[in-house]
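In what follows, a structure is listed as structure tokens, so that the remarks can point back to it.
The values are calculated or read from the model by the stated rules, or taken from the named source; none is laboratory data. Because the structure is predicted, anything quoted here is derived from the model rather than measured. FYI the Cβ positions are ideal-geometry reconstructions off the backbone, even for glycines, and counts take in every protein chain you see. To get the accessible areas, we keep the full protein, side chains included, count just its heavy atoms, and leave off ligands, DNA and RNA. Shrake-Rupley method; radii C 1.70, N 1.55, O 1.52, S 1.80 Å.
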Amino acid sequence: MASMASNTCWQCLSRLRLSPLPGPSTRPGISHAATFSTSASLQATNPPKKGAQMAQKGKKTLNIKGKKKTVGKTYKKPAPGERKAMRKRVVLSNTNAFEVDGLVDLNGDIIADASLQGQMVGFPGELVDNLRAVEAFKPSQGWGFFRRPAALMRKETLEFGNFISSNPKQTKRKLLVGDRGSGKSVLMLQAQAMAFLKGWVVINIPECQELTSATTAYAPIPSTNPTQYSQREYCATLLASIAKANASVLTNLILTLEHKLSQPLQPNMSLLRLAETGANDTEVSWEIFKALWAELTAPGRPQLLLSMDGLSHICRFSEYLAPSMHYIHAHDLALVAHFVDCLAGTKPLPNGGIVLAADSQSNRPANPSLDLVVNAAAKKAQCLPVAGTGEKGKEVLHDPANPWQALDQRSLRALQDVEITALQGLSREEARTVLEYYAKSGMLRATVTEALVAEKWTVSGGGNVGELERGTVRSVDFSTVSPIKPASKLAMQATSATAVGSFETLLTSTPVTPGNVKSHVKLQVRSRWSFPEVAIFTHSLPSDRRVLERIVSAVAAAA
């Protein structure tokens, strides 16, 4: 059998020279370690990190990955409460606006005058101070566009005037609803102004959200079942506003009842001093508020007006947590429960008065219970009770159109018998009065004609006051802006006799782009308006799109 030829040449193998294995060294002083060691790994030195540079003695090395020097803060941190104060800042006068001749001031003798319906009425200075003390003015309202505050006397305003001027002994409980910008807060302000003029005591909660958003301290009230919680800091702030706004009335009222408080009260103390005591000491603010309420509801006291804005925030669970880590219902907050009981009629006003609430549409949370009550009042839905289906056999209110919708039963029962007033838009005659007031103040450059009234009334959604103001006062008439010309420098002026003042936009011959707009555009606004407010003056778009783009870019860069 023939043997297979090997792939490897035998001659090549014979030429290999194998070197002998290294033997043990014979050099003295050198120890031989075993090739395998079982010593602990902790005794071995850590290998150098990858990429690390070993510093040599006597040489300086550059530390690239060292800590950089931190530059100190060059800005001043806002003080506690400074941001909130700026957010709630209200401007009530514009020195650039014209004084309207023939404007009637509101006083106690004309609050029920039917001849004033559809006319603008101003607020005197002392009354403005009282309204500011109870935070009746809202930052979103356009008070700062005019020389001084004024409002339109609507039909609903005269209804409040007739009730207040009649020196009533009964209580009116009313809820104001309507679209955003329909004038609910302004109508509430007018009712407060009339109450001040007639010597009533006005207590106002400007924003119910502050009571339920878990931003104020709270504590359980002992011996209450179910447990109620007091908000002492907010209560102290409320007492301070009551004392400041109603000082002329509370000064003449003396304590007549005995109150068991943790802090003894001086005899013959005025109610003004009582309110100031609670405002200065948060530990007893809730006790002082209850004592003040007992004094104000005693026989022979003046009428009361209780008002609150943003009712939807207190018709639901709040953001506060109970010790059981469950959310606390807003009606379990003592101050909220007090106002809700007055609105529901559980706590009457023996001397008469008004309990007024408004459902603000700005930042309004979803509230099916309040929506059902409003729709039921407008006869758009029904709210039917079902007996024996609730806890302990109580009746449960539900929506027949959606029986499975979870509703807040406590809110439904509180608002079941409250009178609801839905504010609609202005009529064309009232819209013309408002536009003429804008023109007399210098805020509207155009001539008030029937065509202009019809246009603004239609664009504002049928006379919505907020939209009417937005389409006239808060917008720039771009028809007066000169077109773009290819010149070295262009002065583009859009002067308005009052509101905008005048601003100049200087453009260089280089085309303006978002990248170089800051270096080529200089915006100067010679009025009291700030740059963010100028940025919203694009309601009326110019015909030339390039003009709009350059103006918006300039305003954005300057802001």
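Summarising the label geometry, the points placed 7 Å from Cα in the beta-carbon direction at Gln405 and Lys198 lie 3.6 nm from one another.
For region 429-474, the solvent-accessible area of protein heavy atoms averages 45 Å² per residue (probe radius 1.4 Å; ligands and nucleic acids excluded).
Protection proxy ranking for 284-294, 439-449, using the average of other Cβ atoms within 10 Å per residue and placing the highest first: 284-294, 439-449. Approximating the spin labels as points 7 Å out from Cα along Cα→Cβ, the Glu429-to-Ala322 distance works out to 5.5 nm. Here r is the Cβ-Cβ distance between Ala446 and Glu210 and R0 is 35 Å; the resulting FRET efficiency, rounded to 0.05, is 0.30. Neighbours of Gly278, meaning other residues whose beta-carbon lies under 15 angstrom from its beta-carbon, give a summed charge of -2 when Lys and Arg score +1 and Asp and Glu score -1. Per-residue packing, averaged as other Cβ atoms within 10 Å, sorts the ranges 163-175, 104-116 into the order 163-175, 104-116, beginning with the highest. Between Lys290 and Val90, the modelled labels are 3.1 nm apart [label points 7 Å from Cα along Cα→Cβ]. Taking all protein chains as shown and a probe of 1.4 angstrom, Val186 keeps an accessible surface of around 40 Å². Estimated from the Cβ-Cβ distance and a Förster radius of 41 angstrom, the FRET efficiency linking Ala454 and Arg132 is about 0.65. Packing, as the average of other Cβ atoms within 10 Å across residues, places the peptides 458-464, 258-264 in the order 458-464, 258-264, highest first.
Working note: Debye formula, equal point scatterers on the alpha-carbon atoms of region 429-474, no solvent; log10 I(q)/I(0) at q = 0.15, 0.21, 0.24 Å⁻¹ is -0.28, -0.57, -0.76.
Of the accessible area of region 429-474, computed with a 1.4 Å probe over protein heavy atoms only, carbon and sulfur atoms account for 50 percent.
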